[in-house]
Amino acid sequence: MIDIDRLQKQSGIIGTSDGIRQVLEMIAQVAPVDISALITGESGVGKEVVAKAIHKSSKRNNDPIIIVNCGAIPEGIIESELFGHKKGSFTGAGEDRKGYFEEAHKGTIFLDEIGETPLETQVKLLRVLDTGEFMRVGEAKTRYTDVRIIAATNKNLTELVKKGDFRQDLYYRLKTVTVDVPALRNRVEDIGPLVERFALEFTRSNDILYRGFMPEGIRVLKQYEWPGNVRELKHFVERILVLKRGERITSEMVQDELMDVLPLDPVHNLALPVLVNQSTDKAEIDLILRQLFMLKQDTEMIQKMMISGQVPSPELNNPFPVVEQNEHGIPLPEKSMEITEDGQRMIRDDAIGDISIKNLEEEAITRSLRYFNNNRRKTAKSLGMSERTLYRKIEEFGLEPKIKRKK
């Protein structure tokens, strides 16, 4: 059986709740076995992400996965799209054309919104499932495809079967294995990491300064039910970052943006699958580094305010002494370091928690420079500092010869 932790890293699915664990366990069981699967869940929960994870962990992963949204294809042309057509078979058919099932030969086809397919098309889908055989529209020749079918729906197929809108035999054939993806409102504990991940990806790709969400803002987000699930959350994060460009996102800002979708009802539990560009561990490590770096900046700002007399010193009201930070940090032991593929020394991810703030600052700058391919302007903006400060830090830490451009 596939290792769950390894599967999560490879698929990029973020979540630590029981619901996500169950989804990952089902993927691990289903992926290696060449059978059809049905993924269920509300709109926006991440069913396509789960389908891609199944394909990526299957024996067919070297061949394509074809994504088909059955609900977006007009009824009159859906069979042509799925099975192809012969030249001249209908108006506009100017040449022979392969359908999605032929394109997916030896790979996987993902049929999203399977409940939207017409009954006539369902008969042909059942034949492909049973025998792999099909015919192009306007052609009498029987063709064959070797393809794994993964279907998904946000509808209750049992009810559709009772109403006569979905074939019972196709339903039983598809649901050999069912993977249910829970709604976002049922797994609240991962909203914070999801928000930060969306925010980092969006601000980096759009060259926007990101100063983070205040804890109170995340708390407000957890109180909203998110009927559109993770898709709605992602769009919300992107919208508020555009409207509040360069600002730290507060609870008031979040509440203002959510005013159109009241009420805010308290909910329990969460953790949604999200596909990211990096492994889950790498994404979380970079997130932790960034938050520690921002915390250091806030601490320095407060220290300057206390020195200038703008705020009272905590020593006047606090019986506990303020511990000063070692300006130069603690020299890092060799066991905390690793050599990257391009020969650069970096702190091992599992050693992040054991190093000083000064070393964390150096590491955050190093990783940001690597991410932006040594672009100083983008690096400075992403870290919330001026280019002049960044140049000073690069010189201070001796990073100039260490950071190499990606080829």
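Bear in mind these aren't lab numbers, they're just calculated from the coordinates by the rules spelled out. Only a predicted model underlies this, so the values are computations on that prediction, with no experimental measurement involved. Counting neighbours? That spans all protein chains shown, and the Cβs are built from the backbone with ideal geometry, glycine included.
Grab the Cα-Cα distance for Arg248 and Asp146, subtract it from 0.36 nm times how many residues apart they are, and report the gain in nm with one decimal.
Residue separation times 0.36 nm, minus the Cα-Cα distance, leaves 31.5 nm.
Under a 5 Å amide H cut-off, with hydrogens placed 1.01 Å from N, Ile65 pairs with Thr108 among residues at least 5 apart or on other chains. The GluC sites (Glu not before Pro) of region 76-137 that meet both conditions, a loop assignment by DSSP and at most 16 other Cβ atoms within 10 Å of the site Cβ, are Glu95. 3J(HN,Hα) along region 229-244, derived from phi through the Karplus expression 6.51 cos²θ - 1.76 cosθ + 1.60 where θ = phi - 60°, amounts to 6, 5, 5, 5, 4, 4, 5, 5, 4, 5, 5, 5, 5, 6, 6, 10 Hz, with x in place of Gly and Pro. Farthest towards the positive end of the charge dipole of region 4-182, among the residues Val45, Leu157, Val137, is the Cα of Val137, using unit charges on the Cβ of Lys, Arg, Asp and Glu. Summarising the label geometry, the points placed 7 Å from Cα in the beta-carbon direction at Tyr172 and Tyr391 lie 7.5 nm from one another.
Working from label points 7 Å from Cα in the Cα-to-Cβ sense, the Met259 to Asp165 distance is 3.8 nm. Evaluated with a Cβ-only charge set (Lys, Arg +1; Asp, Glu -1), region 4-182 carries a dipole of roughly 420 debye about its Cα centre, given to the nearest 20.
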